[in-house]
Amino acid sequence: MSAAGKCRSSMKDAAGTRWVGTGGTNDRGSASFRLLQSKSQKRAFNKHDRSVRLELETYSSVVDGSRAQSGRFDGYDATMASLQRLLQCLFTEEKDVQAIQTYSRFVPDDTLMLGVKKIRASDSAKCEVSSVLLCGTKAALSERNDVADISLGIAAACLSSLPAQVSIGFRDEVVSVVCGLLAREECTLHQQSMLFGCLASKPGLGGKLPWGAEKVVDLVVRQSVLRFVGSLETSDISYAEKANYCCPAMTCLQILMNPSSDHEPQTNQPRLSKHAWAILAPLVLDVLPSGLERRRTNPLRQLTLDAVCSFWKWSYESTTPVEQSGCLILSCECFISVLAAIHSLRRDEIGGNTSEMDVRTVARHLRDLIAARGNGTARFLDMFSHLCSAYPNASSSQWQCFLEGYGAAPPLLQSLLEDGTIAYTDNIEHSEHLCLLPSILVSVKSLTKAIPFTIWLASDQSPLKMTHGNFSARLRQATMHLVSCINRLVSAMLGHLFLVQPDIWRHTSQLALQLCECLPFDENSLFLEPISRMVKTIGDVYVKSCTNQAEIHSISGNTIVGILSSKSGTRIFPSLGFVQFLLDNGETVVLSAVVKAHPVILTRDSSLITSFCQLCRDLSLGCREDSRKLSAVLINSYTQGRKRFRMRADILDDVTISLFSDTLYPILQALLIDGCLEVQLEAVSVFESLLWDDWQILLRDSWDPLCLILNKCHDGNDARVIISSCKTVGEVCTVCLSQNGREDDFIVTFNELVCGSMHDALTSENQSVRSMVLANAIRTIGHISRHIYGNEQCSANDPSGSASQLQRLIRILTSKVKSSLSCAGLSWKRRKGIQKLAWGGANALGELLGFDIILRLNVEVVSAAIASLLECIDHSPSINEKVTSASVQALVKLPTAVWRHLSRKCDTVANGLATCFSYLHNSTSTRHQRDMEVITNTLLMASRKEDFTHLFGPNDSAFPALFMYNWIVKFDVSSAVLQEIAASVGDKQSDHVIDVSVAQMFLSRAEQSRLRSGSVDRHLPSFDEADEEEDEL
C-alpha cells in the first residue's frame, strides 16, 4: 500500500467516516480508496466532494504509478496538472488560488491562509485532502520540491479551515506524519515552515492530543521545533527571513505553553499547562534500572529559552520600533507564555536563574519598543511586567531605563502615566492612552515589586556609586517622581470618576497598595506625605462612589483595608471626616481596619466614640446573625488595635482604656451567649486582646468576667468554641500573671479557677472535640505554669496549694504522653490526634518539672512523669519524631537538683542512665546526640552508688556496660562519679551481671582518677595491681 493509502486506511475523519485502502500491499501500490459510509452520509456529499475525491484518485494514481515504473518520481507534469485541477475544485475565487501558490512558493505568511475562507468541500473531504497530500509529499519531497510545496500549501489551507473537533485518530495521523516529515533532512526551510503551519492548525496541536505531555514535548519541541530553530541559527539568510520561517514553529510552541483555560476555576490563579511543566521545569526525574531516582537539570528548559530569545532577536532586528511586524508580536506572545510559566514554576522562590537569559538586552529592547508607541505597545508592556515577575533581580537592575530619562526623552513610565492623566483631565473617553493604562499600571506595579527599595534606599551611609552619581539619591528621586505622577492620575480619576473603568481603578488601587508595602516608611521618610495624600484621595473615591458605582466603591474599600493592614498603615492617618462617614453609613469592613490600625482616633472627638458604641450596640441587637457577628468584629478590631498600640510602647489615654470596660464589655457579654456559633467564636477571640488595665477593672469587684470565658472551655459541644476558649485562656494567663505587684490572693484565686477549668477540659470524654481542645488546654497549662509555679514565693510557702494543683495536672499530662506508646492499630486520624496531644504533653511537662516546687511533690507522680518521657525515647523508632524531640527537650530542662532528689527515693535515675546509654549506643541518628549527652552527664553527676547498683543489676542484662565505660573515658567524667561507680562494682553483696573484665576496667579507672586528684579516700575495694595493665585505655 502507498504512503497515502496507509494513512487513509486507519483514519477516521471529522465526521466519523473511516477510509479503507484497497490498493496493493507494498508501499508502491495503488492508492485508490473506497468509502465506508451510512446512507445519510451519502446523501450529504455534494458534487464538489465528488470532484475533489476524483482528483484525489487521479493524483494518487499518478504519484504511485510513476514510482512503480521507475522507482523515482517521474510523473511531474501529470502530478502538477492534477494539483492544479484540485485547486480549481477546492477554491472558488482566483485570488484564493493565487494565495495558495504564493504561500507555497515564497516564505509562508499566515495572513495568506487567513484570507482563504471559501473552500468548496465538506470537512470530511478536507480531512481526506490534507491526509492524502501530506502522505503524498513523502514521495515528492526529495525529488520535486515544487510538487511538495504546492501539496503542502493545499494541505495547510484545508487544515487551517477545519475545526478543532476532529477525531483522535485523524489528529494522531496529522501530528505523526508532519513530525515525520520534519525529521527528513531533505526538507527545505520553506517546507519545514509550511509543515509547522500544518502542525499549528486546530486539527494538529489545537485540540486534545492522544498522547501524554512527555511524548508530545519530545516529538514536537525537542525533535522538531528546537531542531528547526537550531538549523536557522546556522543558515546564511537575513534576520527577516529567519523570523518569518520561525513564526509557524514558535506558534506550535506557544500552543503547547498556553493551557485551554487561562485560570484555575477554584483559586483564580493562572493555570500552567502540563506541556509547560515538561518544557520548563528546572529539574527532571530519571528512574534508573535499579529503581533509584536521580534528579538532573532539565536540558529542554535552557534550549527552549535560547530558541525564544533567538526568535525575539531576529524579529526585533528585522523591524523598526514604529513598523512592528507580526513576527515581533508573535515573539512577544511566546515570551509572555514562557515568562508566565517560569513565574508559576518558581512562585515560592526569588525568581528564575539570571544566567538563563540576557534580561538586560531584552529589557532595553522593550524600552525602545514601548517608547515608539506602536500598535503592540500594550503587549510589550505586558511582556515587561512578566519579565519583572519571572526575573525580578535582573529586571530591577534595569530600573533606570524605565524610571529615568535617557537622552532628551523623559522617564518612560512616568510619561505614559502623564498621558493617562491628560486623557482624564480633557474628558477623552475613548483615548488610546486610556486603553494602554491597565498595562502601564501592571508594569509599574511589577517593577516596583521587583526593586528592593528598603535595601537600596537604606545605603546612604555607604552609598553604592554608579556611573551617574549616588545610586540611592537617583532611585529616591525617580521614585518620588513616579509617586507624584500616580498622585496626579488618582486625582484626575477622582475629578472625572464617571470616565473611570473598574478594571483601570482596580490596577490603580493595587499599585497604591504595592507602594505602601514596598517603600520604606520611617519617621523622616520623604514618601510619607505623598503616599498619605494618595491614600486620602482613594478614600475620597470610596466616599464619592458609594451611591452609583458599586464596583469602584468595593475596590476602594478593599484597597484601604489592605493599606491599613500593611507596614505603613500605622503611619497613614485617616481624616476624622472619613471616619465619621464610615460610622454614619455603617461601613463596618473599612471601619474595622481603621480602628485596628488607629484605635486612638475615636478619642479625638467625643461624637466618634458615641457613634462607634451606638453602632456596636445596634448591630448586636440585630435579627440577622451577620449583623451580630459584625458587632463582635468591630469590638475585636478595637481591642487588637489597642494591644498593638501598647506593644509599640505608645501610651493609651484613659478614655481609650475605659471605653471597653464601661461600654463595650456589656455588649460582649450578650454576644458570648448568642445562639450563633460564629458570633460566639468572634466574641471569645476578643478576650485574647484585652490588656492588664482591662482585667484590673473587670476583676475589681467580681471574678465573673474570667469565669465567663473559663466556662466556655468545657461547657457545650461545639469544638470550635471550646478550642478557641482554651487558647484564649492561655493568652489571658500571660497578660494577667506577667505583671509585677500582684497580690497573693489574686494569684491563689486565679490559679484555682484556671487550673480547675483546664483540668475539666483535659478530662473531657467528648471524643468529637478532644484533640484540639486538649492541645490548647495543654498550651494554656504551659502559660500558667511559667507564671505560677516559677514564682519563688510559691515555691517557698505554697500559699495557694499549688502543689496539689500541680500534681493533678502532671498526672493528666503523663497519661497523654504515655498514650502515644499504645496507638498501634488505630486509624491514621486518631493516631495523629494522640501524637499531637503527646507532643503538647511532653512540652508542658518540660515546663512543669523544671520548677523548684517539684521537690515537694509526691515522688511517685514525678517519677511516673519522667518515666513516660524516657519510654518515648526508648520507643523513638516507632513513634512520631516530634514526640521524641519534645521528650528529649523536656529532660534537658530538668535541673540536677530534681535528679538528686529522685536518686534517694526511687530508681528513676538508674532507668534514665539505662535509656540514655542504650540510645547513644544503638541510635544511628545524630539529631538528638548532643542533647542526650547533656542529659547523660547530668544523670551521672546526680547518681549515687545505689543507682549504679540497680543499673548493673540482673534486670538490665542487656545494658551496654563497655560502651558506658568508653563514654566515661571519652568525656573525662569527674572523680566523684567514678568513685560511686567503683563502690557499686566492688560491692560483693551486689548481684552484678556485667562482665568481670569491664568491672575491673571501672575499678582501674576510678583508682587512676583518685591518684590524679590526690584523694585520700580508701573506701575502694582491693584489686590486683597486675590487672591495671589490662585497662584498655
It is to be established whether one or more residues within the range 557-579 are part of a loop (DSSP other than H, G, I, E, B), in contact (Cβ under 8 Å) with a residue 60 or more places away in the chain and of a type in the set (A, V, I, L, M). no
With the requirement that a residue be surrounded by fewer than 21 Cβ atoms within 10 Å (Cβ to Cβ) and of a type in the set (Ser, Thr, Tyr), what does the range 607-636 give you? Ser607, Thr610, Ser611, Ser627
The range 532-552: number of residues that are assigned to a helix (DSSP H, G or I) and either touching a Lys or Arg at 6+ places or on another chain (Cβ under 9 Å) or small (Gly, Ala, Ser) (or both): 5
Subset of the range 906-959 that is modelled with pLDDT under 85, outside any helix (DSSP H, G or I) and within 24 Å of Asp987 (Cα to Cα) - its residue that is farthest from the chain's Cα centre (by Cα): Gly953
By residue number, the members of the range 678-706 that are assigned to a helix (DSSP H, G or I) and either touching a strand residue (DSSP E or B) at 6+ places or on another chain (Cβ under 8 Å) or of a type in the set (Ser, Thr, Tyr) (or both) are Ser685, Ser689
Checking Lys643 against (1) under 38 Å from the mean Cα position of the chain (by Cα); (2) part of a helix (DSSP H, G or I); (3) under 30 Å from Pro530 (Cβ atoms), which single condition isn't satisfied? (3)
If a residue must be more than 12 Å from Ile854 (Cβ to Cβ) and either assigned to a loop (DSSP other than H, G, I, E, B) or of a type in the set (Val, Ile, Thr) (or both), how many such residues does the range 891-905 contain? 4
Inter-residue pairs, beta-carbon under 6 Å, first touching a residue at least 12 places away in the same chain (Cβ under 8 Å) and over 14 Å from Ser885 (Cα atoms) and in the range 906-932, second among the aromatic types (Phe, Trp, Tyr) and assigned to a helix (DSSP H, G or I), 6+ apart: Val909/Trp899; His921/Phe963
In this structure, is Glu529 surrounded by fewer than 18 Cβ atoms within 10 Å (Cβ to Cβ), among the charged types (D, E, K, R) and either touching a residue at least 40 places away in the same chain (Cβ under 8 Å) or not in a helix (DSSP H, G or I) (or both)? no
I'd like the residue in the range 105-154 that is at pLDDT 60 or above and hydroxyl-bearing (Ser, Thr, Tyr) and, out of all such residues, is surrounded by the fewest Cβ atoms within 10 Å (Cβ to Cβ). Ser122
Considering residues that are touching a helix residue (DSSP H, G or I) at 6+ places or on another chain (Cβ under 6 Å) and free of Cβ contacts under 8 Å to residues at least 60 places away in the same chain, the number found within the range 221-233 is 2
Restricting the range 854-878 to residues that are touching a Leu at 6+ places or on another chain (Cβ under 9 Å) and not in a helix (DSSP H, G or I), which is surrounded by the fewest Cβ atoms within 10 Å (Cβ to Cβ)? His875
Contacts under 9 angstrom Cβ, first residue in the range 597-622 being acidic (Asp, Glu), partner crowded, with 17+ Cβ neighbours inside 10 Å, 6 or more apart: Asp605/Val579; Asp618/Ser631
Only one of (1) at pLDDT 80 or above; (2) buried (at least 18 other Cβ atoms within 10 Å of the Cβ); (3) farther than 19 Å from Arg222 by Cβ fails for Leu305. Which number is that? (3)
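The values are calculated or read from the model by the stated rules, or taken from the named source; none is laboratory data. Predicted model only: the values in this text are computed from it and were never measured. Heads up, the Cβs are rebuilt from the backbone with ideal geometry, glycines too, and the neighbour counts pull from every protein chain shown.
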